[in-house]
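Data block below; observations after.
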Amino acid sequence: MDRSRHLLSLMAVSVLLASCGGSTEESTTATSTAPPAAMAATPSLDEVINAMGMADVDSLTFSGSAWRIRNSFRQTLRASPPWPDRDEITNFVRTIDLNQPASFARGDTFASNLFLDPPVAGTYIQNIPATQTSWGQQLEIWLTPWGFLQGAENNAASISTTMMDGEEYTMISWMSPEGQTAPSGLRYTVNGYVNDDNLVTMIETWVEDAFMGDMHVVGVYSDYESFNGLMVPTVIEQQRGGGGIFGVEVEAAAANPADLVALMDYTPPAGGGGGGGAAPTDITQMIADGVYLVTAGYQSMAVEFSDHIVVLESGQSEARGEQILAEVKAAVPGKPIRYVVNSHPHSDHTAGLIPFVREGATIVTHANNVDFLEMALSTPRTLLGEESMNPQFMGIEGVGVLEDDTMRIDLHSVPNLHTDGMLVPVLPQQGIMFQADFTLPVAGAQANPFVVTLANYVADNDVQFEQYIAVHAAATPQTRADLLATIGE
Ligand SMILES: [Zn+2]
C-alpha cells in the first residue's frame with residue numbers, strides 16, 4: 001500500500017469538504033501556523049495580480065512546444081503514474097480571452113497508438129468557446145494562472161496561508177458561481193498556491209468523473225519569465241490521477257494581442273452524424289454449458305460456477321456495465337457475482353466495473369493495476385452525488401486460476417507493449433480464449449506486434465483452446481489456428 005498516495009487523497013478530501021461547508025475553515029490553517037515575525041504579510045489579491053503583470057490584461061497568447069500523454073489519460077502502458085510515453089506537439093499556440101471566458105489552442109502532432117502502428121500526422125486542437133460552460137472543459141481556463149486570478153476576482157476569493165512540502169504558501173481559494181455546480185449540486189472549488197514572489201505556482205480543482213470520482217486536477221507552473229511585463233511560467237504541466245498528462249514549454253507570450261479575433265477563430269469540423277439502428281433485444285447467448293456471451297457492445301462473458309458467477313470483462317461504460325449486470329442476472333438467476341475479471345486497465349475496459357463493485361464483486365486484474373484502480377475507485381464521489389465505494393481486489397501475476405468442481409478459468413498474464421497489466425482468460429474445458437484488443441489483422445495484412453506477442457505466448461506455452469473470442473466482436477468466428485497463422489504456424 002502506497003502511504004504517500006493515501007495522504008494526498010486525504011488532503012484532497014479535507015480541502016474539498018472544508019470548501020463545501022460555505023463559511024470556510026481555512027483560517028484554522030492560518031492561525032495554527034502563525035507566521036514568524038520576519039515573514040512578509042499575506043498579499044492581497046490585487047498584489048498578486050500586479051506581481052503577475054495582470055492588472056490590465058483581458059486576453060493573452062503564448063506559444064512554444066507542448067506534449068500530451070500518448071493515446072490519452074488512462075490508456076497508458078502502465079496504469080500507475082508516471083506515464084513517460086508522450087506525443088510531441090510542435091507549433092503550439094494557445095490564446096485565452098479572459099472576459100468571455102474562452103480559450104483556443106492548436107498545434108501539429110503525431111498520433112501514435114498502443115498497437116505500434118505507424119504514427120499519423122495530425123492537428124492538436126483544444127477549443128473552449130464562450131458557450132462551453134461545463135466545468136470539465138472550463139477548468140482548462142481556470143487552471144491557468146491568468147484564468148485562475150480572473151476567477152478569483154469574479155468569485156469572492158478567500159486568502160490564507162498554507163504549508164506545502166515544508167514551505168509556506170499563500171493560498172487563494174474560490175468556488176464556482178451558484179449556477180455552475182456538479183451533478184450533486186455542490187459548487188466546484190479552485191485553490192491556487194502563491195510563492196514568495198507572489199507568483200502562482202500550482203492550481204488545483206476537482207471535477208466529477210464517472211470512474212475517478214472527485215477527480216483531482218492540478219496545474220503546476222514554474223520557471224516564470226516576464227514577457228513585456230506579463231509573467232508567464234515557461235514550464236507548464238497538468239496532472240490527473242497523480243501523473244502528468246499535458247505540458248507546454250513556452251517560448252513567447254503577449255498580453256492583449258491585437259489579432260485576438262483571428263487567434264481565436266475556429267470552426268469545428270461538421271459532426272459525423274451517428275445514430276445507430278434499433279437496439280437489439282436478445283443480446284445474451286449460451287455458447288457452452290454454463291458460459292454466456294453478452295453481445296452488442298464491448299462483449300462480456302458470464303461463467304457459472306456451482307455457487308457463484310464469474311463475469312469476464314464489464315463493458316466500455318458504466319451504462320454498458322449496468323446492462324451486462326442485468327443480462328447476467330437474467331441468464332443465471334439466483335447466484336451471486338463473486339468476481340469480475342478485468343482484461344486490462346484502459347479506460348474503455350474499466351468504466352463498466354462500477355456497477356459490479358457496487359454489487360460486491362471482487363475485481364480480478366493483473367497485480368500491476370491494483371494500486372491505480374484502488375485509488376480511483378476508492379476516491380470519494382461527492383461531486384457525482386454518489387456513495388463512496390469499497391472495491392475489493394485479487395491481483396494476478398503469472399497464471400491465475402479460478403476453479404471449483406464444475407468450472408475452471410485460467411487467467412494468463414501476457415507481457416506485451418499495449419499494457420503491462422493484461423490478463424487473457426481461457427476456459428480449458430470449453431476450449432475458449434476471450435481476449436481484449438488482440439485484434440487479428442484483416443486477410444492479407446500484417447499482424448501488429450501486439451497480436452504477435454499473444455501468438456508466441458500461446459505457441460510457447462502450448463495454451464490449448466479452439467474458439468478465439470474477442471471483447472471487440474469479430475465479423476466471423478475466429479480460432480486458435482487464425483491466431484497462430486499470424487506467426488506462420
Ligand atoms: Zn486497450
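Local charge for TRP146 was computed over the other residues whose Cβ lies under 14 Å away, with Lys and Arg +1 and Asp and Glu -1, and equals -4. Contact order for the chain, expressed relative to its length and based on alpha carbon pairs under 8 Å spaced 6+ residues apart, stands at 12 percent. Give the distance, in whole Å, between the Cα centre of segment 326-392 and the Cα centre of segment 182-254. Centre-to-centre (Cα) distance: 30 Å.
Positive-end ranking of GLN316, VAL291, ALA55 along the dipole of the chain, with charges on Cβ about the Cα centre, is headed by VAL291.
Placing unit charges on the Cβ atoms only, positive for Lys and Arg and negative for Asp and Glu, gives the chain a dipole magnitude near 680 debye about its Cα centre.
Look at where the Cα atoms of segment 108-151 and of segment 399-436 average out, and the two centres are 37 Å apart.
With one equal scatterer per alpha carbon and no solvent term, the Debye-computed log10 I(q)/I(0) for segment 78-192 at 0.11, 0.16, 0.22 1/Å reads -0.54, -0.95, -1.16. Within segment 284-485, the ratio Rg/Rh, alpha carbon atoms throughout and Rh by Kirkwood, equals 0.95. For the chain, the mean residue ellipticity at 222 nm estimated from helices alone is -6000 deg cm²/dmol, where every DSSP H run of n ≥ 4 contributes -39500 (n - 2.57) and the total is divided by all residues, rounded to the nearest 500.
Seen from PRO336, the other residues with C-beta closer than 15 Å to its C-beta sum to a net charge of 0, counting Lys and Arg as +1 and Asp and Glu as -1. Translational diffusion of the chain, estimated by Stokes-Einstein from the Kirkwood radius over alpha carbon pairs at 10 °C in a medium of 1.306 mPa s, is 64 µm² per second.
Charge tally around GLN299: other residues with Cβ under 14 Å, Lys/Arg +1 each, Asp/Glu -1 each, net -3.
All of the numbers you see were taken from the coordinates with simple rules; none came from a lab. The structure presented is a predicted model; accordingly, all values stated were derived computationally and were not measured. Note that we place each Cβ from the backbone using ideal geometry, even for glycine, and neighbour counts take in every protein chain shown.
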